Amino acid sequence: ARGNMDLKASFGDIQLQFDFTKFNASDDATGATLSGFLDLQRLARLVSGILGAPPGFSVKGELKSNLEARGNFQSDIVVKGETHLKRLSLKGGPFKDTLLEQAHVILSQNVLLAFPKETIDIKTVSLKGDSINLSATGTIKDFKKDPSGTLNLSGTGALREITLLAGQLITLPSDLTTSGKLTLALSGEGTATD
(Lines give C-alpha, C1' and ligand atoms only; values in the text may rest on other atoms or scores of the structure.)
Protein backbone atom coordinates (compact mmCIF):
# COMPACT_ATOMS: atom_id res chain seq x y z
CA ALA A 1 0.00 0.00 0.00
CA ARG A 2 1.19 3.48 -0.82
CA GLY A 3 -0.36 6.88 -1.13
CA ASN A 4 -0.37 10.48 -0.06
CA MET A 5 -2.85 13.10 1.04
CA ASP A 6 -2.47 16.85 1.04
CA LEU A 7 -5.44 18.56 2.68
CA LYS A 8 -5.65 22.33 2.60
CA ALA A 9 -8.69 23.98 4.17
CA SER A 10 -9.64 27.15 6.02
CA PHE A 11 -8.82 25.41 9.33
CA GLY A 12 -5.38 24.05 8.41
CA ASP A 13 -3.03 22.04 6.26
CA ILE A 14 -2.32 18.29 6.66
CA GLN A 15 0.12 16.14 4.67
CA LEU A 16 0.21 12.35 4.92
CA GLN A 17 2.57 10.14 2.92
CA PHE A 18 2.96 6.39 3.25
CA ASP A 19 4.66 3.63 1.30
CA PHE A 20 4.59 0.31 3.15
CA THR A 21 6.97 -1.29 0.63
CA LYS A 22 9.73 0.84 2.16
CA PHE A 23 9.21 -1.01 5.45
CA ASN A 24 10.57 -4.08 3.64
CA ALA A 25 13.55 -2.26 2.08
CA SER A 26 15.92 -1.37 4.92
CA ASP A 27 16.03 -0.61 8.63
CA ASP A 28 16.46 3.12 7.95
CA ALA A 29 13.72 3.62 5.34
CA THR A 30 10.91 6.02 6.18
CA GLY A 31 7.59 4.37 5.38
CA ALA A 32 5.14 6.99 6.65
CA THR A 33 5.10 10.66 7.63
CA LEU A 34 2.35 12.90 8.94
CA SER A 35 2.67 16.65 9.39
CA GLY A 36 0.17 19.39 9.72
CA PHE A 37 -1.08 22.64 11.15
CA LEU A 38 -4.58 23.23 12.55
CA ASP A 39 -6.29 26.42 13.68
CA LEU A 40 -8.36 24.97 16.53
CA GLN A 41 -10.86 27.83 16.62
CA ARG A 42 -11.75 27.45 12.93
CA LEU A 43 -11.86 23.66 13.21
CA ALA A 44 -14.11 23.84 16.30
CA ARG A 45 -16.50 26.19 14.50
CA LEU A 46 -16.76 23.77 11.58
CA VAL A 47 -17.28 20.71 13.80
CA SER A 48 -19.80 22.46 16.07
CA GLY A 49 -21.69 23.64 12.99
CA ILE A 50 -22.05 20.00 11.92
CA LEU A 51 -22.36 18.18 15.25
CA GLY A 52 -23.35 20.94 17.63
CA ALA A 53 -21.51 22.11 20.76
CA PRO A 54 -22.41 22.83 24.39
CA PRO A 55 -23.64 26.40 25.02
CA GLY A 56 -20.77 28.84 25.42
CA PHE A 57 -18.13 26.30 24.39
CA SER A 58 -15.13 27.77 22.58
CA VAL A 59 -11.64 26.58 21.62
CA LYS A 60 -8.69 28.67 20.47
CA GLY A 61 -5.11 27.79 19.68
CA GLU A 62 -2.77 26.30 17.11
CA LEU A 63 -1.69 22.69 16.69
CA LYS A 64 1.45 21.66 14.79
CA SER A 65 2.38 18.01 14.43
CA ASN A 66 5.19 15.98 12.85
CA LEU A 67 5.24 12.17 13.03
CA GLU A 68 7.47 9.66 11.27
CA ALA A 69 7.55 5.86 11.04
CA ARG A 70 10.90 4.35 10.08
CA GLY A 71 12.23 0.80 10.01
CA ASN A 72 11.51 -2.70 8.75
CA PHE A 73 8.64 -5.17 9.29
CA GLN A 74 11.24 -7.93 9.72
CA SER A 75 12.89 -6.18 12.68
CA ASP A 76 11.62 -2.95 14.27
CA ILE A 77 9.62 0.09 13.24
CA VAL A 78 10.12 3.28 15.24
CA VAL A 79 7.30 5.83 15.46
CA LYS A 80 8.60 9.22 16.60
CA GLY A 81 7.31 12.73 16.62
CA GLU A 82 6.01 15.75 18.44
CA THR A 83 2.78 17.68 18.57
CA HIS A 84 2.80 21.29 19.80
CA LEU A 85 -0.24 23.16 21.07
CA LYS A 86 0.27 26.90 21.34
CA ARG A 87 -1.97 29.52 22.92
CA LEU A 88 -4.56 26.90 23.90
CA SER A 89 -7.76 28.33 25.36
CA LEU A 90 -10.87 26.32 26.34
CA LYS A 91 -14.11 27.73 27.71
CA GLY A 92 -17.61 26.40 28.29
CA GLY A 93 -18.81 22.80 28.13
CA PRO A 94 -17.09 20.77 30.88
CA PHE A 95 -15.10 23.87 31.90
CA LYS A 96 -18.29 25.84 32.69
CA ASP A 97 -17.59 29.57 32.64
CA THR A 98 -13.92 29.32 33.60
CA LEU A 99 -11.22 29.76 31.02
CA LEU A 100 -8.52 27.07 30.76
CA GLU A 101 -5.36 28.45 29.16
CA GLN A 102 -1.99 26.90 28.33
CA ALA A 103 0.70 28.88 26.51
CA HIS A 104 2.52 25.81 25.18
CA VAL A 105 1.83 22.07 25.45
CA ILE A 106 4.14 19.46 23.89
CA LEU A 107 3.15 15.83 23.30
CA SER A 108 6.07 13.67 22.17
CA GLN A 109 6.35 9.96 21.52
CA ASN A 110 9.02 7.40 20.75
CA VAL A 111 7.47 3.94 20.29
CA LEU A 112 9.15 0.80 18.96
CA LEU A 113 6.99 -1.78 17.13
CA ALA A 114 8.67 -5.19 16.89
CA PHE A 115 6.47 -7.29 14.59
CA PRO A 116 8.51 -10.55 14.71
CA LYS A 117 8.44 -10.50 18.55
CA GLU A 118 4.88 -9.09 18.62
CA THR A 119 5.87 -6.43 21.15
CA ILE A 120 5.36 -2.71 21.47
CA ASP A 121 8.05 -0.95 23.45
CA ILE A 122 6.92 2.48 24.64
CA LYS A 123 10.28 4.20 25.02
CA THR A 124 8.54 7.39 26.08
CA VAL A 125 5.28 9.22 25.62
CA SER A 126 5.40 12.58 27.36
CA LEU A 127 3.13 15.55 27.91
CA LYS A 128 4.71 18.84 28.96
CA GLY A 129 2.73 21.96 29.69
CA ASP A 130 2.94 25.17 31.69
CA SER A 131 2.05 23.48 34.97
CA ILE A 132 2.29 19.73 34.36
CA ASN A 133 4.85 17.22 33.12
CA LEU A 134 3.77 13.59 32.55
CA SER A 135 5.77 10.70 31.09
CA ALA A 136 4.80 7.09 30.32
CA THR A 137 6.97 4.09 29.46
CA GLY A 138 6.19 0.40 29.16
CA THR A 139 5.97 -2.76 27.08
CA ILE A 140 3.04 -4.59 25.49
CA LYS A 141 3.69 -8.24 24.58
CA ASP A 142 1.81 -10.54 22.18
CA PHE A 143 -0.19 -7.57 20.83
CA LYS A 144 -1.73 -9.61 17.97
CA LYS A 145 -3.41 -12.35 20.03
CA ASP A 146 -3.35 -11.88 23.80
CA PRO A 147 -1.94 -8.45 24.76
CA SER A 148 -0.32 -8.11 28.16
CA GLY A 149 2.22 -5.71 29.52
CA THR A 150 3.45 -3.13 31.96
CA LEU A 151 3.01 0.62 32.06
CA ASN A 152 4.90 3.14 34.17
CA LEU A 153 3.54 6.67 34.60
CA SER A 154 5.40 9.47 36.34
CA GLY A 155 5.08 13.20 36.51
CA THR A 156 5.01 16.45 38.40
CA GLY A 157 2.59 19.32 38.45
CA ALA A 158 1.65 22.51 40.26
CA LEU A 159 -1.02 21.50 42.77
CA ARG A 160 -2.88 24.81 42.48
CA GLU A 161 -3.21 24.49 38.68
CA ILE A 162 -4.28 20.84 38.90
CA THR A 163 -6.92 21.71 41.52
CA LEU A 164 -8.24 24.56 39.36
CA LEU A 165 -8.57 22.20 36.39
CA ALA A 166 -10.18 19.44 38.48
CA GLY A 167 -12.59 22.00 39.91
CA GLN A 168 -13.93 22.60 36.41
CA LEU A 169 -14.70 18.92 35.93
CA ILE A 170 -15.92 17.94 39.42
CA THR A 171 -17.42 19.88 42.32
CA LEU A 172 -14.87 20.95 44.92
CA PRO A 173 -15.44 23.11 48.03
CA SER A 174 -15.65 26.78 47.05
CA ASP A 175 -13.19 27.84 49.78
CA LEU A 176 -10.56 25.22 48.90
CA THR A 177 -7.08 26.67 48.39
CA THR A 178 -4.01 24.62 47.49
CA SER A 179 -0.33 25.19 46.90
CA GLY A 180 2.76 23.09 46.39
CA LYS A 181 3.96 20.52 43.90
CA LEU A 182 2.45 17.11 43.18
CA THR A 183 4.73 14.21 42.23
CA LEU A 184 3.26 11.04 40.74
CA ALA A 185 4.80 7.59 40.19
CA LEU A 186 2.51 4.71 39.13
CA SER A 187 3.28 1.27 37.78
CA GLY A 188 0.78 -1.26 36.44
CA GLU A 189 0.82 -4.72 34.91
CA GLY A 190 -2.01 -6.71 33.33
CA THR A 191 -3.50 -8.75 30.52
CA ALA A 192 -6.23 -7.77 28.09
CA THR A 193 -9.33 -10.00 28.25
CA ASP A 194 -12.28 -10.45 25.89
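Computed quantities for the displayed model
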| read-out | value |
| --- | --- |
| Shape call, the chain: gyration tensor on alpha carbons, a/c limit 1.5 | oblate |
| Table column - 3J(HN,Hα) (Hz), segment 102-107, Karplus curve with 6.51, -1.76, 1.60, x for Gly and Pro | 9, 5, 7, 10, 10, 10 |
| Proximal lysines relative to Lys60, as straight alpha-carbon distance under 25 Å, when same-chain residues fewer than 8 apart are discounted | Lys8, Lys86, Lys91, Lys96, Lys128 |
| Net charge over other residues, Cβ less than 12 angstrom from the Cβ of Ser35 (K, R count +1; D, E count -1) | -3 |
| Per residue accessible area of the chain, 1.4 Å probe, in Å² | 64 Å² |
| Net lengthening on full extension, Leu7/Arg42 (0.36 nm per residue, minus Cα-Cα) | 11.1 nm |
| Per-residue HN-Hα couplings for segment 136-151 [Karplus 6.51, -1.76, 1.60; θ = phi - 60°; Hz; x = Gly/Pro] | 10, 9, x, 9, 10, 9, 6, 5, 7, 10, 9, x, 8, x, 10, 9 |
| Gain on full stretching of the segment that runs from Leu186 to Ser108 - 0.36 nm per residue minus C-alpha separation | 26.1 nm |
| Accessible area of the chain belonging to carbon and sulfur atoms, whole % at 1.4 Å probe | 57 percent |
| Farthest toward positive dipole pole in the chain [+1 Lys/Arg, -1 Asp/Glu at C-beta], among Gly61, Thr83, Ser148 | Gly61 |
| R0 of 30 Å, Cβ-Cβ distance Leu151-Asp28: FRET efficiency to nearest 0.05 | 0.55 |
| Summed residue charge, Cβ within 9 Å of Thr119's Cβ, Lys/Arg positive, Asp/Glu negative | -1 |
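The values are calculated or read from the model by the stated rules, or taken from the named source; none is laboratory data. None of these values were measured; they are calculated from a predicted model. Note that each Cβ is placed from the backbone with ideal geometry, even for glycine, and that neighbours are counted across all protein chains shown. Please note that ligands, DNA and RNA were not included when accessible areas were found on the heavy atoms of the full protein model with its side chains. Shrake-Rupley method; radii C 1.70, N 1.55, O 1.52, S 1.80 Å.
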